[in-house]
Amino acid sequence: MTAPIYKRALLKLSGEALMGGRDYGLDTATVRAIAEDIKGVVNLGVEVCVVVGGGNIFRGVAGASSGMDRAQADSMGMLATVMNALAMQNALEKAGVDTRVQSAIPMSSVCEPFIRRRAQRHMEKGRCVVFAAGSGNPFFTTDTAAALRAAEMNCDVLLKGTQVDGVYSADPRKNPNAERYTTLTYLDMLARDLAVMDAAAISLARENKLPIIVFNIHEPGAFTAVMQGEGRFTTVVDQ
């Protein structure tokens, strides 16, 4: 078995990544497959934490565009991420991975509050930590929350699991001539307005010298392969 190239990693999962072929909500088979891939990485000896989005249930920006107060809509979106985090915890524990959910919005009857040093201790003990409720603040995306948590946890890398195998010049599902990038800089991402992560997340990763790896989360075993330096992915680093 190839040794992992990173010791501690944060995986960012969008809510859409959990839908599978559905139009809304959770696809249990997809969640189970992602959990098995995370288990493979944990079995390599990597300390893993996860940030989940909530767009498969409710998206704050969409609510705001239909007339809702943006802060209220974002709060609803954060609650949606808690539901996804609990589903991921269930799948991970059924796969045999000891898991804790920590929420930026305290709700002690269903999960732990976010406490940085407690989360670090869980990871040191080999537990997977799933961070829910984003950063706990409206107007910030879960991508930004992922970069924040990765920095707080002293992660070696931030991985973004998407629907395609890297960063392209355009959506390859719509444009078959889209160019796939193997390596980019943070400034490339910002200057070319490549819609993989928002500018705040990229800037935060850049400030903390945190590499970003973008890969296809739906490819079986892709997360494990990427952590071993194999498979197809795009790496975003400094110059």
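Read-outs throughout are calculated quantities, based only on the coordinates presented, and are distinct from any laboratory measurement. The model shown is predicted, which means the values in this text are computed figures rather than measured ones. Because the Cβ atoms are built from the backbone with ideal geometry, glycine has one as well, and the counts that use them run over all protein chains shown.
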Relative contact order %, the chain, counting alpha carbon pairs below 8 Å whose residues are six or more apart: 23
Inter-centroid distance (Cα atoms) of the range 2-79 relative to the range 99-161, Å: 12
Cα-based radius of gyration of the range 124-213 once divided by 2.2 N^0.38 Å, which approximates compact folds: 1.17
Size of the range 81-146 as Cα extents on the principal axes (Å, biggest first): 36, 24, 24
Packing-based order for 162-173, 201-212, using average beta carbon neighbours within 10 Å, highest first: 201-212, 162-173
Sequence-distant residues sharing a close amide H with Val51 (under 5 Å, placed H): Leu11, Lys12, Leu13, Phe131
DSSP-defined beta bridges in the chain - what % are antiparallel, rounded to 5: 15
Peptide ranges 84-93, 227-236 listed from the most packed, as the mean C-beta count within 10 angstrom indicates: 84-93, 227-236
Overall Cα dimensions of the range 116-172 - principal axes, largest extent first, Å: 40, 28, 15
Positive-end residue of Val110, Ser65, Val157, charge dipole of the chain with Cβ unit charges: Val110
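For the chain, how big is Rg over Rh, using alpha carbon atoms and the Kirkwood form of Rh? Don't skip to the end; give the middle numbers.
Details: Rg = 16.6 Å, Rh = 17.7 Å.
Checking Rg against Rh, the ratio lands at 0.94.
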Per-selection Rg to Rh, the range 1-91 - Cα, Kirkwood hydrodynamic radius: 1.07
Helical mean residue ellipticity (222 nm; -39500 (n - 2.57) per DSSP H run of 4+; nearest 500) of the chain: -11000 deg cm²/dmol
Relative packing of 57-68, 124-135, which averages over residues the other C-beta atoms within 10 Å, highest first: 124-135, 57-68
Distance histogram for the range 62-112 (every C-alpha pair counted, 5 angstrom bins, percent rounded to whole numbers): 5, 20, 22, 17, 14, 11, 7, 4, 1
